[in-house]
Amino acid sequence: MLRDSQSVVTRNTSPNAVVINMDRTLSCYELSLPITEKCNPISRDIDRADAKHMLQILKTCDAEIFKNDDQGIYSSHIIQTMVDVAKKVEMMLREPEESLIVLSGCGTSGRIAFLLATSFNQMLTDHRRTQIYSYIIAGGDRALLTSQEAPEDRPLLGARMLDEVCAGKKHVLFMGISCGMSAPFVAGQLDLCLKHLDVFTPVLLGFNPVHMARNEPMRDCSFNFKEVAERMAKEQKQGKAFILNPIVGPEAISGSSRMKGGGATKIILEAVLLAGQEAIFKEKTISPECVSSWITASERIYEITYSHADELTALIRKAGESLRRNGHVYYLGWRTLGIMGMIDASECMPTFGADFGDVRGFINNGFKEMTNKEGDLSSMGPEFVIGHQDFVDTILPVLNQNDMIVFLFTVKDDLHEMTALANQVKRKTSNLHAVTHDLETLNIPKRMCDVFETVLKMTWSFSSDDEIAVMKQKWELSTKCCLNALSTGAHVLKGKVYMNFMIDLRVTNSKLYRRAVNILQRFTDRSKPECESALLRAIYNTDDVSEEMTSADVRKHTELANRRDRVVPTALVMIHRGCSLTEAKHHLDSHPVLRDAVTSCVLSPVNTA
């Protein structure tokens, strides 16, 4: 039986009354949540915005990365910590045979770790230096292309993988990335480092204060993430460990750290690694000024990217139309921009409950271009078929006008190869678009751009002091910004977001299980046990939750939830309508746009029978 007095919906079911009550409900939970999980007031109504307004919202949210205050990325203590870590990078580079720099994370964080490790290793090769960078991602290389959330909950696995990677090294600079300062996988690695400070110098990168780090028990461990972070803070006073945790504000889509979290991670680590390498290659002194100059340059990248508002708006609108018509969005990229496309595509499934084929990325030369540790994974299934030729063989024959194709390339890529592939696609559909990057001294010929319906072409200044490798990092960040806006906007337009919450997220690990319960509490004003019970009903596909189910480990819940669709929306409808599982599913079937399903549910009278 539902209690009217505790429901977010009152007998006054007008839209204004719902908004007022929703504001009250949201504020109750915001106070206790870490910053990375909070609802950003800037984007609260993003689900009601058109493509143009949505882009402005995303731009305003991203600008928070560069907020200049005593807790932000420009703050003196954050800049100084970056300088200190960059000096450790320099030390490692001076003793390459005995040293290793390891970047590690889960999901988006692990993918950024992979991108940076491979890019900076290539820089070392270009300078005829020994490669000393390595990456670790929870779930292994499969997680570079698909959602592998469960390994994030395994701290001992993280520690074991780190130990294996570092075998035989005397000096290891470990950079553990956890945007919410919550990933058990990374906590286990940091714990290993803290126990062996004679070998390891650990660095924690996240975007919450230490006191907001996750304090829940972890699998097979006697410590939690917060305790590890507190130990890190203690060792930082002795210069033996470092915490980089600027406050960049809540995400535009609540909890979606693939956006600001991923961008800020790339900016900070590139600033640190570049400063360390330039101290070796160019004998530059590592200073606060040289570190902050890269952050300023990154801020300018965002400004330049968002200045192309008309083209970005057109891309968001087109992508939304494709998804609403049950079409697909395909990214065809060259070199690291191809990797950016695959990273963006891989994040849509867990974030929006998207199908594997909704957004896909392909890269020239496939896994040969990726240069990932585990090599060619194409035998593992269709999700790992990623080459341009694979697109031509498997996707092109069935392509139609509802499918959107986005080319990602620069003036330094093989433009003849690009044009030939674009002409092949054009024979199947005119829904063809491009995100491109020029240099002031070198331009993509206009005739090569005429094949595309929309061309977002950015031109960048290039001085003799800039290396092309550094320019590529700028292209990557700009492309990430574009694709995050495109895929997020498309899924919002499809109705996969309610207010600014990813209402249809996949509940595949303990963090997402906890987030799902929080979402239900936010939108129903019910107790945690009531919300968890409804969530379990949706997960176990039953109206009768047994004691065996409620007492089961979260691992069992998430393993089963990973095979279910619309888990959180189903639970939300059951709570609001006081109905059975079958009735909730029927309601969702009757409202294929999740935003409309939830709105209809919230505005309808509560069943108190």
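A few points about this structure:
- Listed by chain and number, the aspartates and glutamates placed with their C-alpha closer than 13 angstrom to that of Lys67 are Glu299; residues fewer than eight positions away on the same chain are left out.
- Separation of alpha-carbon centers, the range 359-399 and the range 253-279, rounded to whole Å: 27 Å
- Arg231 contributes an accessible area of around 80 Å² to the protein surface, as traced by a 1.4 Å probe with all chains present.
- Applying both filters, DSSP loop and at most 16 other Cβ atoms within 10 Å, to the GluC sites (Glu not before Pro) of the range 321-416 gives Glu374.
- When both the range 469-525 and the range 67-145 are represented by their alpha-carbon centers, they are found 24 Å apart.
- Legend: residues Lys426, Lys368, Lys260, sorted from most to least accessible area (1.4 Å probe; ligands, DNA and RNA excluded), read Lys368, Lys426, Lys260.
- Computed label-point distance, nm, for sites Lys528 and Asp414 using a 7 Å Cα→Cβ extension: 5.6 nm
- Average accessible area per residue (Å²) across the chain - probe 1.4 Å, nucleic acids and ligands excluded: 39 Å²
- Label-point separation in nm, Val199 to Lys426, each point 7 Å along Cα→Cβ: 5.7 nm
- For Leu144, the shell of other residues with beta-carbons less than 12 Å away shows a net charge of -1, using +1 for Lys and Arg and -1 for Asp and Glu.
- Estimated 222 nm signal from helices in the chain, with DSSP H stretches of n ≥ 4 weighted -39500 (n - 2.57), rounded to 500: -15500 deg cm²/dmol
- When the C-alpha to C-alpha distance is required to be over 22 Å, the pairs from Lys59/Lys318; Lys282/Lys480; Lys38/Lys59; Lys412/Lys480 that qualify are Lys282/Lys480.
- Packing rank of 443-452, 397-406, where each peptide gets the mean count of other beta carbons within 10 Å, highest leading: 397-406, 443-452
- Extension gain (nm, one decimal) between Val398 and Lys282, 0.36 nm per residue minus Cα-Cα: 36.6 nm
- Here's the list of lysines a cross-link from Lys169 could span, going by alpha-carbon distance under 20 Å and ignoring same-chain residues fewer than 8 apart: Lys87, Lys88, Lys195, Lys240, Lys373.
- Extension gain (nm, one decimal) between Gln56 and Glu453, 0.36 nm per residue minus Cα-Cα: 140.6 nm
- Ordering of 412-425, 479-492 by packing [mean C-beta count within 10 Å, highest first]: 479-492, 412-425
- Extension gain (nm, one decimal) between Asn326 and Ala552, 0.36 nm per residue minus Cα-Cα: 77.6 nm
- Lys/Arg +1, Asp/Glu -1 at C-beta; the chain dipole; positive extreme among Phe120, Leu162, Leu432: Leu432
- Sorted on the mean count of surrounding Cβ atoms within 10 Å across their residues, most packed first, peptides 590-596, 540-546, 508-514, 180-186 read 180-186, 508-514, 590-596, 540-546.
- For the chain, size of Cβ-based charge dipole, Lys and Arg +1, Asp and Glu -1, in debye: 560 debye
- With 25 Å as the limit, the listed pairs Lys266/Lys494; Lys266/Lys511; Lys284/Lys472; Lys170/Lys266 have Lys266/Lys494; Lys170/Lys266 beyond it between alpha carbons.
- Partners of Lys446 within straight-line reach, counting aspartates and glutamates whose Cα lies under 16 Å from its Cα and excluding those fewer than 8 residues away in the same chain: Asp413, Asp414, Glu417, Asp438.
- Summing Lys and Arg as +1 and Asp and Glu as -1 over all other residues whose Cβ lies under 13 Å from the Cβ of Gly158 gives a net charge of -3.
- Virtual spin-label span in nm between Asn365 and Ala233, 7 Å along Cα→Cβ: 4.7 nm
The values are calculated or read from the model by the stated rules, or taken from the named source; none is laboratory data. All values reported here derive from a predicted model rather than from experimental measurement. Note: ideal-geometry Cβ built from the backbone for every residue, glycine included; neighbour counts use all protein chains shown. Heads up: the accessible areas ignore ligands, DNA and RNA and are worked out on the full protein's heavy atoms, side chains in. Shrake-Rupley method; radii C 1.70, N 1.55, O 1.52, S 1.80 Å.
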